[in-house]
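What follows is a single structure, written as structure tokens, with notes after it.
The values are calculated or read from the model by the stated rules, or taken from the named source; none is laboratory data. Predicted model only: the values in this text are computed from it and were never measured. As a convention, Cβ positions derive from the backbone with ideal geometry for all residues, glycine included, and neighbour counts pool all protein chains shown. With ligands, DNA and RNA removed, areas are computed over all heavy atoms of the protein, side chains included. Shrake-Rupley method; radii C 1.70, N 1.55, O 1.52, S 1.80 Å.
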Amino acid sequence: MHMDCSHPSVCISFKRYMKHLCCRCDDDLQPVIDVISCYSKAHRTGRIDAFIQSTDKNFLVPVGGAVVAGFDKQVIDEISQTYPGRASATPSIDVFITLLSLGVAGYRKLLAQRKDIYEYLSAGLLSLASSHGERLLQTKNNPISVAVSLVSVVGDATKLKTVAGSDGDELDPTQTTELGSMLFTRCVSGTRVVAPGSDRNIGPHTFINWGAHSNHYPYAYLTAAAAIGMTRGDVDTFLKRLDKVLLKFKRKQRDRQDNTPNEDKTD
């Protein structure tokens, strides 16, 4: 493992990382091994230059750092060298201190707890989604994150317009992602709202359906992750706040369609 404390991310050799995990393979680490196998298969049949893992979701530290890993050490070294070296070393130090304090046994315990939290979160979101006319998206190869459709909240891609001249009754992606902002202001971080119809240009490349897993997926959806260190109480709080936000967001959408702002209405 290579750690540069002047760098906000921790760059590692994928082969060494995989060998280390395989040597310690047991039931707690099996989901990690399964994910690594999926990456290996994708690399053999296609191309993966690097992949990024948030340190807050995987190493019990504050938001702000990431682990950059890949199959080619030279590529990872080149990524590391592009960093100018003036940002805070806090993310690297946080990971280093946390892993030292947890030890192998402590980290494995948290991984085992996350398996339980993932099932609890999935069950809770399934119930909540059903109550709002939504569904829990099936992502059997993802043991950490879950996604919920937002069809009844924002509709499908045919109702999402980004061009000028919309008739006012149709929702654009900016309004869709407002749902994520509403959650964030209620101290719910980590959720992500993906809105179809939103494209992004970065250099010469155009990313269709920016943030989505597919260029052609027609529906908006919300993701949530069973981050390491979460408790059932955290999940319960999240579900209560999400339920309230969805109800409020639907009311705001009805108000937009009626051209009657919420603040102009009287009880």
- Item | segment 37-140 - percent of accessible surface contributed by carbon and sulfur, probe 1.4 Å | 57 percent
- Given Lys140/Lys250; Lys73/Lys109; Lys41/Lys73; Lys73/Lys140; Lys57/Lys140, the pairs whose alpha carbons are separated by over 24 Å: Lys140/Lys250; Lys73/Lys109; Lys73/Lys140
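Within a Cβ distance under 9 Å of Arg186, other residues only, what is the Lys/Arg minus Asp/Glu net charge?
Numbers: positive: Arg241, Lys244; negative: none.
Summing Lys and Arg as +1 and Asp and Glu as -1 gives +2.
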- Task: Rank these residues by their accessible area, most exposed first, probe 1.4 Å: Lys140, Lys115, Lys73.
- Result: Lys140, Lys73, Lys115
- Ser37: accessible area at probe 1.4 Å, nearest 10 Å²? 60 Å²
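Could you work out the relative contact order of segment 109-149? I mean the mean sequence separation of Cα pairs under 8 Å and 6+ apart, divided by the number of residues, in percent. Walk me through the numbers before you get to the answer.
Numbers: 29 pairs, mean separation 14.4, N = 41.
Dividing the mean separation by the residue count of segment 109-149 yields 35 percent.
Summing Lys, Arg as +1 and Asp, Glu as -1, what charge do residues with Cβ under 10 Å from the Cβ of Leu126 carry, Leu126 excluded?
Values: positive: Arg135; negative: Glu134.
Neighbourhood net charge equals 0.
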